[in-house]
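Structure record follows, encoded as structure tokens.
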Amino acid sequence: MTSEITLPAFTELGLATPILHALQTIGYETPSAIQAETIPYLLAGRDVLGQAQTGTGKTAAFALPLLSRLDLSKTNTQILVLAPTRELAIQVAEAFQKYAMNLSNFHVMPIYGGQDYRTQFRQLERGVQVVVGTPGRVMDHMRRGTLKLDSLQALVLDEADEMLRMGFIEDIEWIMEQTPSNRQIALFSATMPPAIHRIAQSYLNNPAEVKIQVKTTTAETIRQRYWLVSGLHKLDALTRILEAEPFDACIIFVRTKTETVELAEKLQARGYSATALNGDIPQNVRERTVEQLKAGKIDILIATDVAARGLDVERISHVINYDIPTDTESYVHRIGRTGRAGRSGDAILFVSPRERYLLRAIERATNQRIDLMELPSTDIINNKRIEQFNQRISDTIAANGLDFFRQLMENYEREHDVPALEIAAALARLLQGDEPMLLEEKKAHPAYNPAAERERDDKRKSNKKKSNAVNFNEDDEISMERFRVAVGRAHGVKPGNIVGAIANEAGLDSRFIGYIDIQDDYSLVDLPAGMPADILSELKKTWVSGRQLNIEPAGEAAGDYSPSRRSGNKRRESDSGDRRRRSNSDAPRRRSSEGGRGGERRSDGRSERSGERRSAGGDNRSTERRPRTDKPANTGDKAPRRSTSSDKRGKDKPNPKRSD
């Protein structure tokens, strides 16, 4: 079914009077689309298969009608809700308690791992009508006999796709098999993978299917942007964004528990109110952290997917994916922490050069383009810092209480004969400490242009191109440096493999990848001098032909295999000892622009030289330097390319692919 433009009021849906009174007290006026369509089916006792994106009100969609049908004269468990995480279980239990504020003798209980068993035993023994729990702890209580489901009326699977992703699917099926055959089932999920459809077909009885049609699987109220970044640049980019973006509260997602703590400590050192949230943190501390976030005592939460699952905090205006999720469903769930219930929100995605395929996968899955983010410039950040500094001065003056300090300054000025302006400057310097107040402009390496790479990848051009790096001029001269990579002919590597790895993994513009010489167990490649350390660090970990590149400066030992050069020269890729002879038809027609610096061409396509063959001793190294032309690569060459025999004519430039 689809959502209607005009939605009925809650009073028209047939909910119990105490529930309607509670909704009036809470301030709910109009049901969401998923609520308007689901509530009548659940009130009628039908099974429901509901699909709607995160943050559309699914909890109220099943809680309100099930509470309306509850028999409060019984203390047996009548409703069981399965949730993927402790946080979501607590949140759903709190929602039940809030909606049931006018129901006497009502009891709801969340059960989850990390909580004392004895407390759960006592509460279950006293009797609770609604249990909300994680699959593992629910199974444990069922096997112990402390959770009896003989009187169960309704079973709810909340965020079913997330439970599938977390590996709970077998636990869920076991629980469903132990429940009475006449129980009602409501299954809710943001996405509907095949395994969820199988469960619906196996366990749901002629379910009413409620699917809220949206243009994408992410809320339209969320502005989505990405930033191409790598290595050490990430923390700098993050702090710039936090400084420039006006936000109330922010969740930053990382992949590992360790990273939550490390990033929180780094942000705290930079003056931010940041706290980690992960599964290793004691449950009572995690609950207290969420409350502090709601109360405004914490502004930034660094979390893993599981720990932040189910969070619904109105203050959250920004979600930053510091580490890109490896599956699109996680992305949908992550950014669903903001832009909820019609509120606007911002989602920012950090993408390293080697993760661009994940960005494209997310765009395909959500059927939505994610725009390139313009990182705040140094001038913008510095102006904002000066503005904040001036505001602090104004606020302090407005707060009064300066009489004592004014007297101190007057005495100092009189005794030391120092102008008041110099005293004020010294105090400002004292306040600032050793940390520089203003950022220094760091000119990006011109060869590192990941934004241009993205433009080539998706072939979506605009009149106003954005770039993460300073635009380079093809006439600029850039010194080249020789590097050694730990992959060679013995590993089956080809020049295109190396070009592809460097261009795609490091985001390096392919026109700045120079001469390549492949040896038996290693290769040599010319790259622009002064490459950022974080880019080289990324390349060290890059896999090509089943081996990590482990790139490092080649040193003097490799100094003679090719002449040093500057940017703008045509890249020549060689496979020493296995060079191919070209036919006359392949002979390049171009000459050196500086009267023979590149060497005169022979009709067979090779430069005029001697000794360019293997030595009798089997040395695969070239004995003569290989000259090159001075003209830049074809300026129309917009994509990274693999060298071919026709490369020298500026033709036939297929995109390189990784060989790992």
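Cβ-Cβ distances below 6 Å connect the following pairs, each with a first residue in the range 243-268 that is within 15 Å of residue 280 (Cβ to Cβ), a second residue that is at pLDDT below 90 and open to solvent by 60 Å² or more (accessible area, probe 1.4 Å), and a separation of six or more residues or different chains: 257/280. The residues of the range 331-346 that are in a loop (DSSP other than H, G, I, E, B) and either modelled with pLDDT of 80 or more or of a type in the set (Asp, Glu) (or both), listed by number, are 336, 337, 338, 339, 344.
If you go through the range 71-93 and pick out every residue that is in a loop (DSSP other than H, G, I, E, B), of a type in the set (A, V, I, L, M, F, W, C) and within 42 Å of the chain's Cα centre (by Cα), you end up with 1. Selection of the range 123-143 for residues being closer than 27 Å to residue 307 by Cα and either part of a helix (DSSP H, G or I) or at pLDDT below 90 (or both) yields 123, 124, 135, 136, 137, 138, 139, 140, 141, 142, 143.
In the set (1) under 15 Å from residue 50 (Cβ atoms); (2) crowded, with 17+ Cβ neighbours inside 10 Å, residue 197 fails one condition alone, (2). Only residues that are open to solvent by 40 Å² or more (accessible area, probe 1.4 Å) and either on the phi < 0 side of the Ramachandran plot or acidic (Asp, Glu) (or both) were counted in the range 520-535, giving 4. Only helices (runs of 4 or more DSSP H) whose full extent lies in the range 347-444 are considered here, and the ones with at least 1 residues that are touching a residue at least 40 places away in the same chain (Cβ under 8 Å) are 356-366, 378-398.
In the set 38, 30, only one residue is buried (at least 24 other Cβ atoms within 10 Å of the Cβ) and either of a type in the set (Ser, Thr, Tyr) or at pLDDT 95 or above (or both); that residue is 38. State yes or no: is residue 511 at pLDDT 65 or above, open to solvent by 60 Å² or more (accessible area, probe 1.4 Å) and outside any loop (DSSP other than H, G, I, E, B)? Here the answer is no, as residue 511 does not meet what is asked.
For (1) open to solvent by 10 Å² or more (accessible area, probe 1.4 Å); (2) modelled with pLDDT under 85, each residue gets a yes or a no:
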site	(1), (2)
294	yes, no
299	yes, no
321	no, no
329	yes, yes
352	yes, yes
369	yes, no
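Residue-by-condition table, conditions (1) outside any helix (DSSP H, G or I); (2) modelled with pLDDT of 80 or more; (3) within 29 Å of the chain's Cα centre (by Cα):
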{"position": "469", "(1), (2), (3)": "yes, no, yes"}
{"position": "476", "(1), (2), (3)": "yes, no, no"}
{"position": "481", "(1), (2), (3)": "yes, yes, no"}
{"position": "490", "(1), (2), (3)": "no, yes, no"}
{"position": "501", "(1), (2), (3)": "no, no, yes"}
{"position": "504", "(1), (2), (3)": "no, no, yes"}
{"position": "521", "(1), (2), (3)": "yes, yes, no"}
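Only one entry of 43, 20, 49 meets the criterion of being modelled with pLDDT of 90 or more, open to solvent by 10 Å² or more (accessible area, probe 1.4 Å) and within 33 Å of the chain's Cα centre (by Cα), and that entry is 49. Looking at this structure, is residue 160 of a type in the set (A, V, I, L, M, F, W, C), open to solvent by 10 Å² or more (accessible area, probe 1.4 Å) and over 30 Å from residue 531 (Cβ atoms)? Answer is no for this residue. Residue 71 meets all of the listed conditions (1) open to solvent by 30 Å² or more (accessible area, probe 1.4 Å); (2) in contact with a Lys or Arg (Cβ under 7 Å, 6 or more places away or on another chain); (3) of a type outside the set (Phe, Trp, Tyr) but one, namely (2).
Is it the case, given these coordinates, that residue 409 is among the aliphatic types (A, V, I, L, M), over 30 Å from residue 220 (Cα atoms) and out of contact with any Pro (no Cβ under 7 Å at 6 or more places or on another chain)? Yes. Restricting the first member to the range 272-290 and to residues that are within 12 Å of residue 86 (Cβ to Cβ) and aliphatic (A, V, I, L, M), and the second to residues that are modelled with pLDDT of 85 or more and assigned to a helix (DSSP H, G or I), the beta-carbon pairs closer than 7 Å and six or more apart or on different chains are 277/260; 277/286; 277/289. In summary, residue 317 fulfils each of the numbered conditions (1) in contact with a Ser or Thr (Cβ under 8 Å, 6 or more places away or on another chain); (2) modelled with pLDDT of 85 or more; (3) loosely packed, with under 14 Cβ neighbours inside 10 Å with the single exception of condition (3). Taking the numbered list (1) among the polar types (S, T, N, Q); (2) under 20 Å from residue 190 (Cα atoms); (3) open to solvent by less than 90 Å² (accessible area, probe 1.4 Å) in turn, residue 344 passes all entries but (3). Are any of the residues in the range 244-259 open to solvent by 10 Å² or more (accessible area, probe 1.4 Å), in contact with a helix residue (DSSP H, G or I) (Cβ under 8 Å, 6 or more places away or on another chain) and part of a loop (DSSP other than H, G, I, E, B)? Checking the range 244-259: not a single residue is open to solvent by 10 Å² or more (accessible area, probe 1.4 Å), in contact with a helix residue (DSSP H, G or I) (Cβ under 8 Å, 6 or more places away or on another chain) and part of a loop (DSSP other than H, G, I, E, B). Does residue 386 satisfy being modelled with pLDDT under 80, open to solvent by 50 Å² or more (accessible area, probe 1.4 Å) and either touching a strand residue (DSSP E or B) at 6+ places or on another chain (Cβ under 9 Å) or closer than 30 Å to residue 348 by Cα (or both)? Considered against the rule, which asks whether it is modelled with pLDDT under 80, open to solvent by 50 Å² or more (accessible area, probe 1.4 Å) and either touching a strand residue (DSSP E or B) at 6+ places or on another chain (Cβ under 9 Å) or closer than 30 Å to residue 348 by Cα (or both), residue 386 comes out as no.
Any residue at all in the range 167-188 that's open to solvent by 10 Å² or more (accessible area, probe 1.4 Å), among the aliphatic types (A, V, I, L, M) and assigned to a loop (DSSP other than H, G, I, E, B)? No, the range 167-188 has no match at all.
The values are calculated or read from the model by the stated rules, or taken from the named source; none is laboratory data. As the structure is a computational prediction, the values presented were derived from the model and not from experiment. Using ideal geometry, Cβ is built from the backbone for each residue, glycine included, and neighbour counts are taken over all protein chains shown. These area figures cover heavy atoms from the full protein model, side chains too; ligands, DNA and RNA do not enter into them. Shrake-Rupley method; radii C 1.70, N 1.55, O 1.52, S 1.80 Å.
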